[in-house]
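Note sheet for the following structure.
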Amino acid sequence: MTGHATLERLEAVLDEQHELYTTLDALSTTQGDLIEADRTDELLPQLRERSRVIERLAKPAGARFQDRRA
């Protein structure tokens with residue numbers, strides 16, 4: 001594998017992490033808004049989605065890097 005290909009994979013992993021953290025931030029804001037508005041019926045789906053994002057973030061970066069080998 002060339003250095004360029006490795007750099008591209010690393011950049012893709014970092015872009016994915018950035019996207020996941022941005023999504024997590026938005027979900028956290030919405031969660032707070034739902035709690036403040038006492039819209040608890042909408043909270044459970046929000047928490048499920050937040051959990052999925054956290055699970056993806058918990059996957060080691062090295063594993064995501066390896067997943068991008070193609």
Principal-axis tilt of helix 43-58 within the chain, Cα atoms, nearest 10 degrees = 20 degrees
ask   = So if R0 is 25 Å, what FRET efficiency would Arg52 and Leu14 give, r being the distance between their Cβ atoms, rounded to the nearest 0.05?
value = 0.80
remark   = The helix 3-36 Cα axis meets the longest alpha-carbon principal axis of the chain at an angle in degrees, between 0 and 90 and rounded to 10, of 0 degrees
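Values quoted throughout were computed directly from the atomic coordinates according to the rules given, and no laboratory measurement underlies them. Because the structure is predicted, anything quoted here is derived from the model rather than measured. A quick note on method: Cβ atoms are made from the backbone with ideal geometry, for glycine too, and the neighbour counts reach across all protein chains shown.
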